Ligand code: NAP
């Protein structure tokens, strides 16, 4: 069975992506940084409910050594690696006046360096893949890559950085490995759970389909990109029409 590594898949969007890969016939490495119990529960439910195997692997993707160990553990568990989804991400709401260089680096380390670290560690294995149509990397960016955001400049910069990484790696790794991005709008997860009712009403008013996204909406988009053999270097925008490009 081919195999996938989904970073940050203990909960939220990453969990839905990992579960979708398993339903589609992929063994899955479920990565987490702190939520050991939740990640183990995801791996156990995948093993119980699908034909796929799953392992939970702790790693801080922003640390290059951790990222290399993460890839090694996935390859050891499954005998190879065919797809990587760089989903792990953190956010922080703070105006630039109050944003410390250390916090700026922390967000960039996880969101951009993490994708670079994991992709670099996985590349040799992805190049050996014979999955059909090909191996792939999918980077989870954000609508904020295009719009920016006053209280999260580091987050927006990290997500814009991922789009540059995506196109560069798509050119670099062709033809063997396709590299794409998905850019979600507002998705209901822990990351967006702290919004007040007033903030939610304001955000909802900007979304033409009249609903927030669910993790499964993003998992569907990632599965499409995995299977789309003629698509590389592309970003799939999944935002309910909030930003029409
Ligand atoms: P979430 O519910 O907060 O989950 C974040 C996941 O990332 C968790 O599994 C967490 O692991 C993991 N993680 C955080 N730092 C990590 C690190 N250094 N190393 C490894 N794993 C790490 O977030 P989400 O809403 O599902 O977001 C998933 C991705 O979608 C993120 O990249 C986010 O920026 C992006 N996105 C989200 C939205 C949205 O509206 N929710 C919109 C656009 C883009 P632990 O459980 O161990 O902490």
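If R0 is 25 Å, the Cβ-Cβ spacing of residue 172 and residue 128 corresponds to a FRET efficiency of close to 0.90.
Kirkwood hydrodynamic radius (Cα pairs, Å) of the stretch 121-190?
Values: mean 1/r = 0.0754 Å⁻¹.
The Cα-based Kirkwood calculation yields 13.3 Å.
Ordered from longest to shortest, the equivalent ellipsoid semi-axes for the chain are 27, 19, 19 Å, each the square root of 5 times a Cα gyration tensor eigenvalue. Taking the convex hull of the alpha carbon positions in the stretch 122-240 and averaging its projected area over all directions gives 8.0 nm². A protection proxy built from the mean count of other Cβ atoms within 10 Å ranks the segments 75-87, 216-228, 200-212, 167-179, most packed first, as 75-87, 216-228, 167-179, 200-212.
The overall shape of the stretch 39-80, judged from the alpha-carbon gyration tensor, is oblate: a/c is not under 1.5, and a/b is no greater than b/c.
Going highest first, how would you order 45-51, 236-242 by mean Cβ packing within 10 Å?
Details: 45-51: 15.0, 236-242: 18.9.
Highest to lowest by the protection proxy: 236-242, 45-51.
Between the Cα long axis of helix 215-227 and the first principal axis of the chain there is an angle of about 50°, rounded to the nearest 10.
From the alpha carbon centroid of the stretch 18-76 to that of the stretch 177-204 is 23 Å. Seen against the Cα atoms of the chain and their longest principal axis, helix 114-127 is set at about 30 degrees.
Computed over every Cα-Cα pair of the stretch 1-63 and binned at 10 Å starting from 0, the pair-distance distribution P(r) comes out as 29, 58, 13, 1 percent.
How big, on average over all directions, is the shadow cast by the Cα convex hull of the stretch 59-191, in nm²?
On the way: hull surface 34.1 nm².
With every direction weighted equally, the projected area is 8.5 nm².
Take each peptide in 185-196, 7-18, count the other Cβ atoms within 10 Å of every residue, and average; sorted highest first, the result is 7-18, 185-196.
Where a ≥ b ≥ c are the square roots of the eigenvalues of the C-alpha gyration tensor, would you call the stretch 1-120 rounded, which needs a/c under 1.5, or, failing that, prolate if a/b is larger than b/c, or oblate? Verdict is prolate for the stretch 1-120.
What value, in deg cm²/dmol to 500, does the helix sum -39500 (n - 2.57) over DSSP H runs of n ≥ 4 give at 222 nm once divided by the residues of the chain? Write down the numbers at each step before the final one.
On the way: 9 runs with 109 residues, N = 245.
Dividing the helical sum by the residues of the chain leaves -14000 deg cm²/dmol.
To the nearest ten degrees, helix 153-173 and the longest principal axis of the Cα atoms of the chain are 30 degrees apart.
Computed from the coordinates by the stated procedures, all read-outs in this text should not be read as laboratory data. The model shown is predicted, which means the values in this text are computed figures rather than measured ones. Backbone-built Cβ (ideal geometry, glycine too); neighbour counts: all protein chains shown.
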